[in-house]
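Student: Before anything else, here's the structure in question.
Just so you know, all these numbers are worked out from the coordinates, no wet-lab data involved. Everything numeric in this text was worked out from a predicted model, so none of it was measured. Neighbour counts run over all protein chains shown; Cβ positions are idealised from the backbone, glycine included.
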Amino acid sequence: MIFYQTALYFEAVPAIERYGLSCVYRKGGLSVFAEKKTVAGGPEDMRGAAAVAVTGTGSYSAAAGVSFALGMLRAGEGDIFVNYGAAGASRESGLKVGETVRCIKVVREGERTLYPDVLLGSGFANAAAFCVNGAAAEPVKRDGELPVVFDNESYGALFAAMKVLGPEACFSLKTVTDFAEDTAIKGGRVDPGVAAEIIKASAGDVFDAAGKWAEEISAASLKSRDSFRFGAEVSRAIDELSAVLKLTFANREILKNTVRRDVLLGRDDADLLTSLIPAPDAVPAGRHGREKLFAEILGKLG
């Protein structure tokens, strides 16, 4: 099952229409849309191809709403979570209005970074939109070559979903509906009518990608990560690559998640991983340079 989350209703409309969903719960600022199927001799079953949680704005509302929806619809092994909707983008990012991008880092000002899974093949650029969100509407901050996302709803939603499904099954896709500096001038607001039409036009790509990920994750039963153990050769390669690139704990976990997922999908990364370990004198001295090289290595693994 694919669980979608949006902050606002107009962002959710394409998914509701695509999957033929009905409102099965509404209270306060939370609405849950799912399929309603009558099961002979039993209660209505709402687990179908997809569901959408419209959580309202703010990281706490998003986290609470996602947790409720995942529990209500019995999320578990083989399910995936997709945070999607409207985003603003910095002009220097090169992104265009109407383009769908995959967010590889989601942060909230003053808090730690969340890394949704970044490498299952999607056809989308490995670049993050800059999401303007109220007080976060400020000059663009960059991480190496990639714009960083400031998005309170995405942060809360992904944080909650990762606790249930694991990072390998959580994704963030955003449709660029405005540019950061323009949106900031408007007080962090995007015209819902204009944004809704842009999201509708790009929604097909989002749903096609989500369907592909759902098939891969369901087939691989990635939840078995809890009992997964790396072989000695792979463990040594991960340790050596981490040492050479001086990886942070978060980036080391991304590397491990990537290799683990590939193994569970039937791909053997041992030789490739070993071949990608750079010589110490080929590693940039600066942090941004090392992170760029690390991103290139992850791309080759993916």
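Student: Please give me, ordered by residue number, the trypsin sites (Lys or Arg not before Pro) of region 231-282 that lie in loop per DSSP and have at most 14 other Cβ atoms within 10 Å. Can you show the working numbers first?
Tutor: On the way: sites: Arg236, Lys246, Arg252, Lys256, Arg260, Arg261, Arg267; in loops: Lys246, Arg267.
Listed in order of number, the matching sites are Lys246, Arg267.
Student: Check which residues have an amide H placed less than 5 Å from Glu99's amide H, if you skip close sequence neighbours.
Tutor: For Glu99, the qualifying residues are Val176.
Student: When every alpha-carbon pair in region 228-301 is counted, what percent end up more than 16 Å apart? Spell out each step's value before the answer.
Tutor: Numbers: 1172 of 2701 pairs.
Cα-Cα pairs of region 228-301 separated by over 16 Å account for 43 percent.
Student: According to a simple spin-label model (label point 7 Å from Cα along Cα-to-Cβ), what is the distance in nm between Tyr9 and Ala201?
Tutor: Label-label distance for Ala201 and Tyr9, simple model: 2.5 nm.
Student: Residue separation times 0.36 nm, minus the C-alpha to C-alpha distance between Arg18 and Glu233: what's the value?
Tutor: Full-extension gain reported as 72.9 nm.
Student: My understanding is that a pair violates if its Cα-Cα distance is over 20 Å; which of Lys174/Lys300; Lys27/Lys200; Lys174/Lys212; Lys96/Lys174; Lys163/Lys256 do that in this structure?
Tutor: On the way: Lys174/Lys300 24 Å; Lys27/Lys200 26 Å; Lys174/Lys212 17 Å; Lys96/Lys174 12 Å; Lys163/Lys256 17 Å.
Cα-Cα > 20 Å for Lys174/Lys300; Lys27/Lys200; rest within.
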